[in-house]
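Since the structure comes first, as structure tokens, the remarks are kept for the end.
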Amino acid sequence: PQRDRRALHQAGCAESHRLRDSVLHYLQSHQLMNAVKWVSEPGSLPMVTLRCQERVLERLRKAPGFEAGRSLSLELPS
């Protein structure tokens with residue numbers, strides 16, 4: 001049976017909130033929050049974007065339950 005779009009959207013938002021909470025809990029419990037400059041707000045997709053130091057990325061890559069990668073740098077030369 002087909003689910004309506006509203007239900008799918010709500011399920012995606014709930015999953016996004018759970019993932020963000022899980023990432024934040026991991027960062028806090030491993031005392032890494034001081035190396036994080038910015039954390040995205042939950043959306044409708046289970047994805048969290050961080051602006052952080054390299055060591056945070058490496059720890060998340062090694063942690064079970066997370067798939068961590070790097071995106072292109074948004075820093076532009078001035």
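Taken together, the values in this text are just the output of simple stated rules run on the coordinates, not laboratory data. Keep in mind that this is a model prediction, so the values were computed, not measured. Note that each Cβ is placed from the backbone with ideal geometry, even for glycine, and that neighbours are counted across all protein chains shown.
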key: Sites excluded, trypsin sites (Lys or Arg not before Pro) in DSSP loops with at most 15 other C-beta within 10 Å, longest stretch of the chain   = 4-69
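Hey, with R₀ at 30 Å, roughly what FRET efficiency would ARG51 and ALA11 work out to, going by the Cβ-Cβ distance, to 0.05? If you can, show how the numbers build up before the last one.
Details: r = 28 Å, r/R0 = 0.92.
Rounded to the nearest 0.05, the efficiency is 0.60.
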query = Cα axis of helix 5-29 to longest principal axis of the chain: angle in degrees, 0 to 90, nearest 10?
reply = 30
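Within a Cβ distance under 12 Å of HIS30, other residues only, what is the Lys/Arg minus Asp/Glu net charge?
Details: positive: ARG55, ARG59, LYS62; negative: GLU58.
Result for the local shell: +2.
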query = Can you give the translational diffusion coefficient of the chain in µm²/s, computed by Stokes-Einstein from the Kirkwood radius over Cα pairs at 20 °C and 1.002 mPa s?
reply = 153
message = From the helices alone, meaning DSSP H stretches of at least four residues, give me the mean residue ellipticity at 222 nm for the chain, per-run term -39500 (n - 2.57), in deg cm²/dmol to the nearest 500.
response = -14500 deg cm²/dmol
key: Contour excess over end-to-end distance, with Cα ends at SER29 and ASP4 and 0.36 nm allotted per residue   = 5.2 nm
